[in-house]
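A.B. asks: A single structure is presented below for examination.
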Amino acid sequence: MSLSIVLAEIQEVSLPSQGSFEEIVVGWIILLLVATGVALLSRWFRIPYVTGLVLAGLVIAPWIPDRVSLDSSLILNLFLPILLFEAAINTDVSRLRSTVKPISLLAGPGVVIATAVTAIGIKYALNLPWITALILGVILAITDTVSVIAVFKEVSVPSRLTTIVEGESLFNDGVALVLFNLVLQANLNGSVTIADGFEALIVVIVGGTLVGLALGYLGAGLFARSDDNLSSILLTVALALGTFQVGHTLGVSGVVAVVVAGLMVGNVGQSRQVAASNRVTLYSFWEYAGFGVNTFIFLLIGVEVNLISLWQTLPAVLLAILTYQIGRILAVYPLLTLAGWIDRPIPPRWKHVLFLGNIKGSLSLALALSLPELLPGRSDVITIVFGAVLLSLVGQALSLPWFVKRLRLSAVSPTQQHTEELRAQLIIAKAAQDELDSLLKSGVLPKAIYEEMRSSYQVQIVKAERALRDLYNQWAIDVATGKGQSSRLNGIHRRLLLVEKGALAEAVRRGILTDDTAKDQLRQIDEKLLKLGED
């Protein structure tokens with residue numbers, strides 16, 4: 001990954017000298033060594049890794065060559081597609097579907113509301129031109145996926161809350177980029193009507209979705225048919241980067257296209273008898289790619305920040321932070337209250353987390369750096385955005401784990417921990433048996449060795465199943481006697497009900513059942529799902 005970045009940097013200058021090349025290499029080596037140290041120290045001091053990287057970047061800035069720096073084109077065309085695709089292939093579509101209403105409200109109207117409130121506040125608080133204020137409003141409305149999820153990895157939170165945060169972060173990037181381009185178009189043409197802007201927004205997002213579906217379906221099919229790990233990885237890399245460029249070339253949202261393509265590969269591709277080794281290799285590679293990209297981005301954020309300029313503009317930066325936080329409040333609380341009327345209610349504590357999790361990151365910086373040179377107030381925008389991102393990563397990212405702990409979202413009882421461990425043992429043992437069955441069927445593994453290895457996994461399965469059965473029986477007794485809550489098994493019940501609902505919908509689609517026959521059954525299932533949501 002670092003070599004690709006180095007080559008991209010070198011190509012910007014014709015015939016670079018040997019000395020400049022060596023400086024770049026030394027700079028990236030320093031970043032790698034520092035990142036390794038930060039990874040160890042962040043665990044020791046229990047601080048978010050991304051925050052540690054930014055702080056380390058501030059410290060090492062004097063020793064990093066000037067040519068090793070953030071480049072907006074590099075972030076938008078290489079880093080962003082990698083981060084989006086990595087997040088998308090690890091997202092379960094069924095989980096995403098179950099939270100589509102709050103995600104849609106936050107990533108659509110939520111971004112527009114936050115942008116408008118932030119722009120109005122900045123316009124009158126800092127007396128900036130409307131175009132500059134709108135640009136800042138869009139840039140500061142973006143929530144960084146990596147920063148929030150990295151914090152969540154430090155403190156466990158409910159899976160549905162994690163899905164909402166991941167989904168919003170995936171899709172609000174696309175909406176924000178469309179708004180960003182509309183504002184620049186208004187600056188270039190003099191004005192853009194609301195109708196034209198809304199039409200452009202729909203066309204770009206729908207077009208990006210169609211491009212992602214087409215290329216994602218093609219990529220998922222090729223991936224499922226590939227039996228070579230390395231070629232499968234190259235295919236997914238080409239898909240991630242190529243989909244973004246195709247979307248950009250066609251004038252639609254490359255961000256949405258990459259997200260949709262990643263979801264297709266991660267869910268459609270994985271369901272087509274893909275070998276376990278291919279899946280492990282794919283996820284491992286993309287996990288490393290995302291980790292490497294994030295490492296360099298957040299280190300370079302620290303390197304790029306000028307503390308003297310930040311201090312001089314600190315009042316403006318703090319006002320900008322205040323305005324975008326107000327915009328976030330007016331987007332999160334009303335919209336999620338509305339979502340509770342049409343979907344499962346969102347607990348108030350979750351809303352608090354979604355508000356404080358409004359952390360800024362690399363995409364905000366990339367958009368600021370990509371602004372045209374002649375844009376009014378360009379230097380002010382860049383300074384304010386850099387300052388807001390720095391304070392967000394240091395202040396909010398450091399306080400979020402403490403805040404989540406105080407809300408008691410991450411409390412896990414010893415019984416729950418033991419249950420999760422037993423489930424993990426059961427899942428991995430059965431997965432290993434499935435792989436053994438595949439190896440025996442293909443002739444790779446002799447039957448004697450197969451039976452010996454399979455029996456050892458069967459012992460693990462029997463022990464785990466027995467222990468889980470005892471736990472579930474005890475839970476049933478506790479519920480019957482009023483000592484426990486039925487919500488312990490709600491996740492399993494909900495999953496089974498969703499399977500039942502999907503089977504009915506598929507039967508109707510194929511003409512096996514009529515709509516009238518399935519309607520009553522679907523209503524009963526929906527009632528059960530709502531009841532589970534209330535428990």
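A.B. asks: Report the relative contact order of segment 246-392, percent, no decimals, based on alpha-carbon pairs under 8 angstrom and at least 6 residues apart.
C.D. replies: 26 percent.
A.B. asks: Remind me, what semi-axes does segment 196-353 give for its equivalent ellipsoid, largest first in whole Å, using sqrt of 5 times each Cα gyration tensor eigenvalue?
C.D. replies: 35, 24, 19
A.B. asks: Skip the ligands, DNA and RNA, and give the accessible area per residue of segment 46-155 with a 1.4 Å probe, whole Å².
C.D. replies: 36 Å²
A.B. asks: Let me ask another. What share of all Cα pairs of segment 339-413, in percent, falls into each consecutive 10 Å distance bin?
C.D. replies: Whole-percent P(r) values from 0 Å outward: 17, 32, 25, 19, 7, 1.
A.B. asks: Would you mind telling me the share, in percent, of accessible area of segment 306-348 contributed by carbon and sulfur at probe 1.4 angstrom?
C.D. replies: Working: 1880 of 2380 Å².
Here carbon and sulfur together make up 79 percent of the probe-accessible area.
A.B. asks: Could you give the length gained on full extension between Gln521 and Thr249, defined as 0.36 nm per residue of separation minus the Cα-Cα distance, in nm? Mind showing how you got there, number by number?
C.D. replies: On the way: separation 272, 0.36 × 272 = 97.92 nm, distance 4.65 nm.
So the chain would gain 93.3 nm between Gln521 and Thr249.
A.B. asks: In whole Å, what are the Cα extents of segment 300-365 along the three principal axes, biggest one first?
C.D. replies: That works out to 48, 24, 17 Å along the principal axes.
A.B. asks: Here's a follow-up. Using a 1.4 Å probe on the protein heavy atoms only, what accessible surface does Glu373 show? Give it in Å² to the nearest 10.
C.D. replies: It works out to around 140 Å².
A.B. asks: Please give the per residue accessible area of segment 293-452, computed with a probe of 1.4 Å over protein heavy atoms only, in Å².
C.D. replies: 48 Å²
A.B. asks: Segment 335-382: D in µm²/s via Stokes-Einstein (Kirkwood Rh, Cα pairs, 20 °C, 1.002 mPa s)?
C.D. replies: 157 µm²/s
A.B. asks: Continuing with the same structure: Report, to the nearest whole %, how much of the accessible area of segment 57-118 belongs to carbon and sulfur atoms, 1.4 Å probe, protein only. Kindly include the intermediate steps, with their values, before the conclusion.
C.D. replies: On the way: 1480 of 2350 Å².
Carbon and sulfur: 63 percent of the exposed surface of segment 57-118.
The values are calculated or read from the model by the stated rules, or taken from the named source; none is laboratory data. Values in this document were obtained by computation on a predicted structure and should not be read as measured data. What goes into the accessible areas is simple: the full protein's heavy atoms, side chains included, and nothing from ligands, DNA or RNA. Shrake-Rupley method; radii C 1.70, N 1.55, O 1.52, S 1.80 Å.
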